[in-house]
């Protein structure tokens with residue numbers, strides 16, 4: 001077994017590794033945290049023209065404050081993940097219908113170890129729940145029902 005055989009094996013291994021990482025990226029799972037990429041999270045009030053959405057988002061290190069969104073308004077922020085792939089943001093939101101019944105939900109909007117959204121995470125609050133824009137397919141998917 002000469003040098004040519006060894007070189008062929010290393011090229012095959014490199015190609016297999018490349019394919020593995022490519023498949024994981026297509027599945028929206030990051031095998032290696034891409035910390036230099038700037039991420040953007042968007043949360044939209046798409047409930048109703050008469051509904052105000054109350055929103056409070058934070059991470060372990062950052063409290064983004066409370067926000068009041070009118071219909072078709074968004075709250076957005078940007079960040080870069082940390083080197084240990086431990087970036088996690090969550091939001092609590094609530095709104096009341098015309099009879100005063102309060103609908104609420106608290107959920108993860110970004111988690112670096114299981115990112116579903118690439119550079120942009122887009123969420124839409126609607127009358128039946130909170131939807132996530134699945135960027136690969138380009139469609140909104142119901143992720144959370146109101147409690």
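The values are calculated or read from the model by the stated rules, or taken from the named source; none is laboratory data. Source: prediction; values computed, not measured. For neighbour counting, all protein chains shown are included, and Cβ atoms are generated from backbone atoms with ideal geometry for every residue, glycine included.
Among the residues making up segment 101-115, a single one is out of contact with any strand residue (DSSP E or B) (no Cβ under 7 Å at 6 or more places or on another chain) and either modelled with pLDDT of 95 or more or closer than 12 Å to residue 56 by Cα (or both): 101.
Taken over segment 124-145, the residue count meeting the criterion of being on the phi > 0 side of the Ramachandran plot and in a loop (DSSP other than H, G, I, E, B) is 1. What residue, among those in segment 17-47 that are modelled with pLDDT of 95 or more and not in a strand (DSSP E or B), is surrounded by the fewest Cβ atoms within 10 Å (Cβ to Cβ)? The residue in question is 46.
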